[in-house]
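Asks: Quick one: this structure, given as structure tokens, is what I'll be asking you about.
Each value in this text was obtained by applying a stated rule to the coordinates, not by laboratory testing. Predicted model only: the values in this text are computed from it and were never measured. Methodologically, a virtual Cβ is constructed for each residue, glycine included, from the backbone with ideal geometry; neighbour enumeration extends over all protein chains shown.
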């Protein structure tokens, strides 16, 4: 086979498009297309990158009469430059922000039926809540389905220079201190909020809509930090502790997050209770209960 045929075969075996390969080699898609159509060869630096990316020898790539029964090493890896690492982290930060805001927005949407309880707007409050749920789900779907040039590397080992690894380890240490503060602060916020609910229910504010409203506001803030920092923690683990992360992900590959099942069911049940029996309040309690139960189940499923 010619070099172009071999390159095309290797690319397809790895599930990469011409755009994906071009991005990893930092060249244009037209350059990859030209190589595969046998109208040119990459420079030696790119040839070495291709060799390392697909775990084949330069002899195999360059010699047409080379034995096609070559042996690949068991571990394929992806070379990450500092620029690509920074790009990957920024893409994931944007994704984490969209996911965290969307889920928190769903929880804040509960404030509409809660605050409109026993008012002339109570009948329409459920529809307002459904609109917010729809917008949030739309944002989540757009974020999840958006083109990610690094999507294909998240199941394989990556390699980088030692200096880049040291710098990332320092970044991860700084991030981990922020993560600890965010998680501890979020848990404390929920505990304080629950304490306020318990205290206020014994006063003349017991029937006030502001009690569940302040609780849901605190839950929304806490959930935002849980999701945002949780996703970024996974990103840094993937880069800094790559081998362990890849092994864990392979074990969990067929396990989906329990939240994808429980939260939509909770939302449907809440709407049924509200529209059928007018149980907007205290029906809202189903969401924090579902969230905490889901967290427990998810932990039991994914713990080592």
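Asks: Take 11, 29 and order them by how many other Cβ atoms sit within 10 Å, fewest up front.
Replies: Details: 11 19, 29 14.
In increasing order of surrounding Cβ atoms, one gets 29, 11.
Asks: Still on this structure, I have one more. Going by Cα centres, region 1-67 and region 98-175 are how many Å apart?
Replies: 37
Asks: If I model a spin label as a point 7 Å beyond the Cα along the Cα-Cβ vector, how far apart are those points for residue 194 and residue 41 in nm?
Replies: My value for the distance between the label points is 6.8 nm.
Asks: Applying a 10 Å radius around every beta-carbon, put 18-24, 181-187 in order of their mean neighbour count, most first. Before the final figure, lay out the partial values.
Replies: Details: 18-24: 19.0, 181-187: 14.6.
The densest-packed peptide leads the list: 18-24, 181-187.
Asks: Still on this structure: For the peptides 213-225, 39-51, what is the packing order when you average, over each peptide's residues, the other Cβ atoms within 10 Å and list the highest mean first?
Replies: On the way: 213-225: 20.4, 39-51: 14.2.
Put in order of decreasing packing, that is 213-225, 39-51.
Asks: So if we plug the beta-carbon distance of residue 147 and residue 167 into 1/(1 + (r/R0)^6) with R0 = 25 Å, what FRET efficiency do we get, rounded to 0.05? Please list the in-between numbers first.
Replies: Numbers: r = 28 Å, r/R0 = 1.10.
Plugging the Cβ-Cβ distance into 1/(1 + (r/R0)^6) gives 0.35.
Asks: Between residue 127 and residue 237, 0.36 nm times their residue separation minus their Cα-Cα distance comes to what?
Replies: Between residue 127 and residue 237, full extension yields an extra 35.5 nm.
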